[in-house]
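Worksheet for the structure shown next.
Every number here is computed from the coordinates shown, using simple stated rules; none is lab data. Not measured: the values here are computed from a predicted model. Note that we place each Cβ from the backbone using ideal geometry, even for glycine, and neighbour counts take in every protein chain shown.
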Amino acid sequence: MSSFLSQLHFQLSCALQQRIEICKLRQGEHLILGFSIGGGIDQDPGQNPFSEDKSDKGIYVTRVTPGGPAEVAGLMMGDKVMQVNGWDMTMVTHDQARKRLTKKNEDIVRLLVTRKSLEQAVRHSMM
Amino acid sequence: MDNESQYSGYSYKSSHSRSSRKHRDRRDRHRSKSRDGSSRGDKSVTIQAPGESLLDAESTRGDDRDDNWGETTTVVTGTSEHSVSNEDLTRVSKELEESSPLECKRFLGPVLGGCLGLFALFTPLAFLVLPQLLWREALEPCGTPCEGLYVSLAFKLLVLLISSWALFLHPPRATLPRFFVFRCLLMVLVFLFVASYWLFYGVRVLEPRERDYRGIVEYAASLVDALLFIQYLALVLLEVRHLQPAFCLKVVRTTDGASRFYNVGHLSIQRAAVWVLDQYYRDFPVYNPALLNLPKSILSKKMSGFKVYSLDENSTNNSTSQSRAMIAAAARRRDNSHNEYYYEEAEMDRRCRKRKARLVVAVEEAFTHIKRLQDDDPAVSSHKHPREVMDPREAAQAIFAPMARAMQKYLRTTRQQPYHSMESILTHLQFCITHNMTPKAFLERYVSPGPTMQYQRENGRGRQWTLVSEEPVTSALRQGLVFSLRRLDFSLVVTVQPLPFLRIGEEFIDPKSHKFVMRLQSETSV
């Protein structure tokens, strides 16, 4: 019984987060991902329209360009970026986040994101 | 003597003409001074004459006193008959106090001090004059140094005289229950000084008929120097030491909880008491016993409805058990008296405000009836029939009539009518007219209860206060001391607390360090 419950718990915690793989697109001499980020520990968290907790200083996706590599990979507006290629994104400044996403020697970035709608969907299905 | 129940002195005045009111006023004034003015129609126990708490007990109104007021007290409702005997007691004690003579003890201290001071001042002159009178021929002549000493002596004596007059020669403001320690100390010091100087003078100068006059003059000059130093000591001990604030006194009046905080310096308890009373007469709103308690109609409902019969043989501890049983029973019942209290308060407020509005309108209108006669008016008045020119008193009487009723009703609603007789209102109106005051300034006196000082009458007897204290009253103030100043029907409780020690640090701010940035919320596209 306890092992079944722990399995269930593992699945639930995985389901609240999503792994997204984006292939960078080369445009001229820039590698672009096709979305915009906002937030960071040096920013004002109260102005973030996507966060539930207004003291959350994480990195959020504020815009996704239609047809870009991010939209193709399944990234949505309002996602909170938790990790980029294994690097933690919850306690970084805005500039550090930008740098981690735009490394010139990487073609693919693997993001771990959390989505509010995902959590709510799971919660609704449980009720 | 009509035997009616209590009535306010104004009740007849409202609907009658001015002339008959004058007669009635004179008669009523004789009657109503010692009468309680609380409104009739209350079911409450009549509170004893509040006027006595303002008028001093020894005041000079013996001729106004109504001698028959014992027969015209109201019916006393409520459970206790003790209130009547209380009234009798205070009535008797007040009569005793009224008949006591003017205290001569009040002037004993200053007179003694004055004599001592004069004696001390004339002593150096006596030292100088006596050898000249007694053995002038045998004295050695004394040249310029003596003259210098004469001049300095004269000036020092003049300074002593002027500063004594400035500092010490004022009528005493209070008699203290015990000796004023510092003052006694100083008087003893002065006396000892002067006595010892006289002693030495008698032994060394008068006896052997000393011939060195310069020495005698120097001796007198040294006495004057010593007196100057003693006066400096007196200045510091009596006047300066208590100016530095050291304690915070909280003064609370027991009857209605009015409280104030004061900062004082190092004083003895009795001196602090005098100081507190000085401030009391200025700061505290006047004590109005009519405003004190919840009406009995609210409280009495709790107690009624229970009859307790005791079946014990011995009824010694009957009362305590009975009252305890009643209190317990009353506590168990559902208590709605707060509701009644709330509504009664709201109703009272509303009534007060309504009456006040009527009063303000009436007074404003009354003031429009007169105006000051300017000197350049005769051109106007000579055309019409000459207007009657009045002095302030007549003008006040002329405009008093339309506002009298509103004023009387308002005073009765706010329970202030014992403090303001018609005569006093007229006098105040005359005063306001003379000084060009607006109706609002005229009403300032009646709208809020003023300090007790405003209602005092001038008399030489003074106010009697009793200082109640667990420590001897000449001891100095210190933390945690509590003493109280008692009057006949209320007292002031004074608590002493030291002022906190302040540690003040310093922080320097460079004026160039005030810089600001906008809060960030940037968005970067990647």
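Taking H as built 1.01 Å from N, whose amide H comes closer than 5 Å to the amide H of A:M82, not counting residues under 5 places away?
Result for A:M82 returns A:L112, A:V113, A:T114.
Which whole number gives the average count of other chain Cβ atoms within 10 Å of the Cβ atoms across peptide B:122-135?
Mean number of neighbouring Cβ atoms from other chains: 0.
Using mean Cβ contacts within 10 Å as the protection proxy, how do B:272-282, B:335-345, B:149-159 order, highest first?
B:272-282, B:149-159, B:335-345
Over what distance in Å are the Cα centres of the stretch A:48-72 and the stretch B:433-492 separated?
If you average the Cα positions of each part, the centres end up 73 Å apart.
Can you give me the Kirkwood hydrodynamic radius for the stretch B:373-526, using every pair of distinct Cα atoms, in Å to one decimal?
Hydrodynamic radius (Kirkwood, Cα only) of the stretch B:373-526 equals 23.6 Å.
Could you list B:V203, B:V264 in order of exposure, starting from the residue whose Cβ has the fewest other Cβ atoms within 10 Å?
In order of increasing Cβ crowding within 10 Å: B:V203, B:V264.
Need one value for B:516-522: mean number of C-beta atoms belonging to other chains within 10 Å of its residues' C-beta atoms.
Mean partner shielding for this stretch: 5.
Can you give me the long-range amide H partners of B:L467? Hydrogens built in the peptide plane at 1.01 Å from N, cutoff under 5 Å, separation of 5 or more residues or another chain.
B:R486
From other protein chains only, count the Cβ atoms within 10 Å of every residue's Cβ in A:40-48, then give the mean.
Mean partner shielding for this stretch: 3.
Over the stretch B:222-281, what is the relative contact order in percent, taking alpha-carbon pairs closer than 8 angstrom and at least six residues apart?
Relative contact order here is 27 percent.
Taking H placed 1.01 Å from N in the peptide plane, check which residues at least 5 places from A:L16 or on another chain put their amide H under 5 Å from its amide H.
When sequence neighbours closer than 5 places are left aside, there are no close amide H contacts.
Tell me which trypsin sites (Lys or Arg not before Pro) from the stretch A:35-66 have a DSSP coil assignment and no more than 15 other beta carbons within 10 Å of their own.
A:K54
Provide the per-residue ³J(HN,Hα) series for the stretch B:430-435, in order, calculated from phi with Karplus coefficients 6.51, -1.76, 1.60 and θ = phi - 60°, each as a whole number of Hz, with x at glycine and proline positions.
With coefficients 6.51, -1.76 and 1.60, one gets 4, 4, 5, 5, 4, 9 Hz.
My understanding is that a pair violates if its Cα-Cα distance is over 32 Å; which of B:K250/B:K356; A:K24/A:K116; A:K103/B:K512; A:K54/B:K515 do that in this structure?
Going by Cα-Cα distance, B:K250/B:K356; A:K103/B:K512 fall outside the 32 Å limit.
Just report the Cα centroid separation between the stretch B:149-170 and the stretch B:402-427, whole Å.
Cα centroid of the stretch B:149-170 versus Cα centroid of the stretch B:402-427: 54 Å apart.
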